[in-house]
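Let me begin by presenting the structure, written as structure tokens, before commenting on it.
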């Protein structure tokens, strides 16, 4: 039974990984590296981001992230593209909202037309 659990966790962790290059980071690992520890600067405050979890699915990537000093204030990001800069911009906007108006879920949808 323990082996089955370990295999399941391994599959979850490596589902977006290219097995041809075992030393290359998966897309989720790269996103984690770019977001974890990042300072989020809003108009009213600054906080250090701590990534709690990342789950990659075919249609979206879910990132749970919290202020390192206040982990109970975690927010969930649903990202259609794994772009760290888009997540940081969304977190800055979230930071600028009054604490009682901050949503628990942020949809981070990349507008391809705006990027061109």
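Quick rundown of the values:
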quantity: Viscosity 1.567 mPa s, 4 °C: Kirkwood-radius Stokes-Einstein D of segment 37-116 over Cα pairs, µm²/s; calculated: 100 µm²/s
quantity: Full-stretch length increase - residue 76, residue 44 - with 0.36 nm per residue and alpha-carbon distance subtracted; calculated: 9.4 nm
quantity: Additional length obtainable on full extension of the chain from residue 69 to residue 100, 0.36 nm per residue less Cα span; calculated: 9.4 nm
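A short reminder: the numbers here are calculations on the coordinates, not readings from a lab. Computed from a prediction, not measured in an experiment: that's the story for all the values here.
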